[in-house]
1. Please work out if A:GLY16 is within 20 Å of B:VAL22 (Cβ to Cβ), surrounded by 15 or more Cβ atoms within 10 Å (Cβ to Cβ) and touching a helix residue (DSSP H, G or I) at 6+ places or on another chain (Cβ under 7 Å).
2. Which numbered condition in (1) farther than 14 Å from B:GLU390 by Cβ; (2) buried (at least 24 other Cβ atoms within 10 Å of the Cβ) is the only one that B:VAL340 fails?
3. What's the total number of residues in the stretch B:81-107 that are away from chain A (no Cβ under 12 Å), surrounded by fewer than 15 Cβ atoms within 10 Å (Cβ to Cβ) and in contact (Cβ under 8 Å) with a residue 24 or more places away in the chain?
4. Which number in (1) more than 25 Å from A:ALA39 (Cα to Cα); (2) facing chain B (nearest Cβ under 10 Å); (3) touching a strand residue (DSSP E or B) at 6+ places or on another chain (Cβ under 8 Å) marks the one condition that A:ALA93 misses?
5. Consider B:THR485 against the criteria (1) crowded, with 19+ Cβ neighbours inside 10 Å; (2) modelled with pLDDT of 85 or more; (3) of a type in the set (Val, Ile, Thr): it satisfies all of them except one. Which criterion is unmet?
6. For B:ILE6, are the conditions met, namely being in contact with a helix residue (DSSP H, G or I) (Cβ under 8 Å, 6 or more places away or on another chain), in a strand (DSSP E or B) and either more than 14 Å from chain A (Cβ to nearest Cβ) or modelled with pLDDT of 90 or more (or both)?
7. Check A:GLN113, A:GLN73, A:GLN121 and return the single one that is away from chain B (no Cβ under 11 Å) and either at pLDDT below 90 or buried (at least 16 other Cβ atoms within 10 Å of the Cβ) (or both).
8. Just to be sure before I move on: is B:GLU40 in contact (Cβ under 8 Å) with a residue 12 or more places away in the chain, away from chain A (no Cβ under 14 Å) and among the acidic types (Asp, Glu) in the structure I sent?
Amino acid sequence: MNNMFEPTHIIMDIKGTTQADVLAELATKAYELGVVNDANQLVADYLEREAESTTGFGNGVAIPHSKSSNNKQATILFARADHGVEWQALDDAPVDTWLSLIVPDTEAGLHLQLLAKLSRQLVHPEFIETLKHGTEAEITTLLNDIVG
Amino acid sequence: MANLKIVGVTNCPAGIAHTYMVAEAIETKAKSLGYEAHVETQGANGVENKLTSDQIATADYVILALGKGMTTEDKARFDGKQVIELPVSEALKKVNTIFDNLASEAHLFKATGGSPVKLGDQKDTDGVMSHLMAGVSAALPFVIGGGLLMALGSLLVQFGAANTAPTPGHIASLAWVLNTVGGLGFTMMIPIMGGYIAYSIGDKPALAPAFLVTLLANSPDVLGTKGGAGFLGAIVIGLAIGYFVKAFRKVKLGKTFQSTLGFLIIPFVTLLIFGLLTYYLVGPAMAGLMAGLLNFLHTIPASYAIAGGFLIGAMLSFDMGGPINKTAWFFGFSLLSSHVYTWYGIVGVVTVLPPMAAAIATWIKPKLFTKPERESSISAFLVGMTVATEPAIPYALAAPIPMIAANTLAGGIAGAISMALGVERLAPGLGVFDPIIGLVHPAWGYYLAFGIGLIMNVAFILIFKTAWVNRQAKKHANSSAKLTTPTPSVADDKGNIGSAPSFHDATK
């Protein structure tokens with residue numbers, strides 16, 4: 001089974017200043033990694049999910065995610081920016097840290113359990129702290145401890 | 001307030017993130033306060049940590065953080081509890097506030113119907129209805145697609161196009177192909193119903209045997225009968241095989257053979273048993289029933305013609321393509337060769353009623369019907385008006401008792417009027433347009449019988465189905481288990497039953 005997270009899944013320098021731009025950067029990354037069929041479709045999926053309710057759950061972190069037939073394998077992307085991006089987050093604060101979950105709609109079993117475990121970590125402050133301020137190496141270790 | 005007990009349920013649109021984040025947030029917060037918490041997650045991974053009835057019973061508060069709603073029956077678990085319900089998207093922000101103000105945030109939740117819900121006491125009927133609905137939704141596209149193709153084919157024929165089957169050296173005419181392909185939809189609709197009713201109960205291993213056995217029960221050629229078992233046969237077979245397979249799946253075969261149970265042993269054994277039973281018992285029983293009914297019909301004295309008209313009309317509408325309907329149709333059709341056209345006139349009047357009435361009923365009282373039923377109404381109306389009764393079958397399957405009662409009664413009344421007015425039909429044609437194209441006369445008699453029958457049929461459907469829906473709702477509430485009814489069951493209904501003959505007419 002492919003690892004859902006690798007060091008290559010990290011973007012430390014998000015350029016976009018709008019939600020759409022950031023999602024496009026994430027989707028491009030996913031496409032380059034070969035885990036989605038179509039980058040534009042992923043952006044559309046992300047936006048559709050954001051339209052249902054924001055994935056920005058506070059503290060400057062958002063978790064844009066997609067479950068779709070466009071997705072080829074369960075994948076986690078991580079991204080950070082040195083500037084905040086408006087995300088209609090729950091606390092109305094701009095977002096500078098993203099953890100994106102990309103799941104094929106036929107996915108079942110282990111990957112989903114691992115992603116559930118990862119999601120559960122997101123409510124713990126020390127986990128968020130590392131995501132927001134940790135080095136690439138620390139983040140890789142953190143995530144792989146959970147889903148590797 | 002030490003030692004409170006909290007239970008919760010979380011779900012979200014994609015089922016991969018918020019479901020679990022919120023569950024964790026609730027559990028963590030509860031733990032920090034020294035409370036006991038159990039949270040059921042309804043995510044992409046299925047339902048995990050499912051709450052036990054014991055946990056619910058002893059809980060002080062229930063937190064429902066929902067992103068994709070919750071069915072009435074699922075929610076009924078929390079009848080009589082102090083419930084806090086909020087969108088999953090807001091739950092993360094509000095977890096602290098909620099825990100600080102449990103008493104003021106919570107509301108006493110009454111499951112619809114108002115009486116307490118006991119778990120584990122689920123009414124069987126609710127289950128059966130949901131299985132029938134599975135059959136309905138699988139079958140609808142068959143009857144819609146097939147019906148419209150046949151309507152197109154019949155229209156071509158009425159406008160003078162040839163309706164010729166292929167012969168050596170000649171290809172078939174377009175109208176024939178349309179009729180034949182469309183007819184496949186009608187032929188397969190019934191086995192699909194049987195198959196999916198069983199599938200809904202017994203899962204995948206039940207599908208193939210139920211499909212095949214229902215097909216067998218509707219293959220008069222193979223059974224040596226004059227008609228098939230129709231949609232009522234599909235219900236019986238679907239339910240029987242579904243529950244049989246459900247029980248069968250619990251059989252333990254040991255490690256080596258267990259994996260072959262679902263795809264090999266169950267389909268094989270089930271098909272063997274039910275296939276043989278159907279062939280050797282159901283087939284002959286149906287043939288006997290039909291022969292008996294036919295003999296009986298031939299004994300009706302001429303002076304009882306109007307009562308006979310009622311009987312034939314009612315039979316035609318009763319099971320739409322099943323043995324009762326087939327017998328009545330056959331009776332009327334066979335008399336054509338003796339130049340008696342009035343009985344076949346009844347066929348012309350009655351068989352258009354059920355689908356048209358069902359469609360009209362969905363327009364008058366949409367609430368009595370499900371979304372797919374409402375969306376199918378236009379096609380049911382058009383196809384019913386022109387070529388076939390079949391579009392009424394899904395409506396009947398969804399609520400057999402009220403729909404069969406309404407159709408049968410209206411069919412009987414229309415049949416009696418048709419007979420009283422001496423409506424004669426010479427050959428199968430294009431439904432309500434038959435008088436215009438000269439196949440039925442007198443035209444005024446036809447339209448009078450048809451009009452009264454249609455109004456009656458719609459009225460009966462509305463009355464019976466409303467009563468049935470209310471009764472279902474009450475039953476659910478009382479029987480405690482699932483509250484399927486209020487919204488869902490209302491929506492569960494469909495409308496009609498009709499007679500089957502039009503299918504024959506169209507394919508003759």
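1. no
2. (2)
3. Qualifying residue count for the region: 1.
4. (2)
5. (2)
6. Answer is yes for this residue.
7. Among A:GLN113, A:GLN73, A:GLN121, only A:GLN73 is away from chain B (no Cβ under 11 Å) and either at pLDDT below 90 or buried (at least 16 other Cβ atoms within 10 Å of the Cβ) (or both).
8. no
The values are calculated or read from the model by the stated rules, or taken from the named source; none is laboratory data. Fair warning: this is a prediction, and the values are worked out from it, not measured in the lab. Note that each Cβ is placed from the backbone with ideal geometry, even for glycine, and that neighbours are counted across all protein chains shown.
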